Amino acid sequence: MNQDQLKLLVGQAACEEVLRLPRGQILGIGTGSTANCFIDALAPYKDHFAGTVSSSNATTGRLLKHGFKVLDPNEVSTLPAYVDGADEIDGSGNMIKGGGGALTREKIIASMAQQFICICDSSKQVKSLGGFALPVEVIPLAKGAVQRELEKLGGTVSLRLAKATREDLDQTPSAPFVTDNGGWILDISGLKITNPLKLESEINQIAGVITVGLFAKEKADILLVSNESGVSRLTF
Ligand SMILES: O=C[C@H](O)[C@H](O)[C@H](O)COP(=O)(O)O
C-alpha cells in the first residue's frame, strides 16, 4: 500500500469512529491531505451531524462542496470531537502540526473539542518530536525579532516561502507563504524536543508569535494510525 492508500484507509476508519457519536452534534474538522480523505469518506453521512467547524479556508471549501453545513466557531461553545492529521506524533500523543500552514485555527478548534482524534499513517509516528521542522506562525512585522529569539533555541530558522508549501493554497511562488490569518511562518529545523509542553509555552510567550505548531496542551486523545496491516486505535 502506498501513502495515499494508507491515508484513505485511516480516513475511512475515522469516519466509522465519529459515526459512533450521537446524531445532531457539531464536529470539528482539520486540514491537510489526511483530513481531506476523512471529509470525503464522511460526505455520504453528513446528515449525522448538525454542522461542522472548519480549521482552514481550504477545508471550508471542501466541506461546502460536499454540502456540509459549516458554522462560525463563535456560534459554537463546545465540540464532541476534532479530527485532524499531524506531521509528527509521539508516544504520548504530543504532535507537530502546521505543515500546511493551518496551525493556528487548528489549535483553536482543537481547544474547543472534548477529544482530539488524530489520524495519520505510521510514517508520522516518532519517538521524540523535532525531525519535522517546527512551524511558528508570526505577525509579519515581528519576523526579524521572533527569528532572533527562536534561533536561541538551537535550531535553524527559516521563513516559509510559498513554493515550499502546498499548491492547493494558490500562493505566489518565492514570496512568503501567507496563512489564512495574514501571518507568516518560521520553520525551525534541527530541534531536539525533550519537553513539548514547556517548549510550547516558551515559544508562545515570544512577542509577535501567533501560534507554535506544537500541540502538547492540545495533544491527541485518540490516535487512529494506518499501516500495511490495517488501522490501530490508541488512546492517550
Ligand atoms: O497545517 C496543516 C496541518 O497541521 C496538517 O494536519 C498536517 O500538516 C498534516 O497534513 P497531511 O495530512 O497532509 O500530512
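Here are a few things to note about the model shown:
- Sole residue being on the phi > 0 side of the Ramachandran plot and in the same structural domain as ALA13 (by TED's automatic domain parsing), chosen from GLY101, GLY85: GLY101
- Residue check, ALA43 more than 12 Å from the ligand (Cβ to nearest atom) and assigned to a helix (DSSP H, G or I): yes
- Condition met for PRO135 (farther than 19 Å from VAL157 by Cα, of a type outside the set (Gly, Ala, Ser) and either open to solvent by 10 Å² or more (accessible area, probe 1.4 Å) or in contact (Cβ under 8 Å) with a residue 60 or more places away in the chain (or both)): no
- Candidates SER92, SER77, SER128, filtered to the one that is more than 16 Å from the ligand (Cβ to nearest atom), under 17 Å from the mean Cα position of the chain (by Cα) and in a loop (DSSP other than H, G, I, E, B): SER92
- Restricting attention to segment 181-193, the residues that are modelled with pLDDT of 95 or more and out of contact with any helix residue (DSSP H, G or I) (no Cβ under 9 Å at 6 or more places or on another chain) total 2.
- Subset of segment 213-236 that is more than 14 Å from the ligand (Cβ to nearest atom) and outside any strand (DSSP E or B) - its residue that is least open to solvent (accessible area, probe 1.4 Å): ALA216
- When residues of segment 95-122 are limited to those that are open to solvent by 30 Å² or more (accessible area, probe 1.4 Å) and assigned to a loop (DSSP other than H, G, I, E, B), the one farthest from the ligand (Cβ to nearest atom): GLN114
The values are calculated or read from the model by the stated rules, or taken from the named source; none is laboratory data. Predicted, not measured: the structure shown is a model, and the values here were computed from it. Glycine also receives a Cβ, built like all others from the backbone with ideal geometry; neighbour counts cover every protein chain displayed. What goes into the accessible areas is simple: the full protein's heavy atoms, side chains included, and nothing from ligands, DNA or RNA. Shrake-Rupley method; radii C 1.70, N 1.55, O 1.52, S 1.80 Å.
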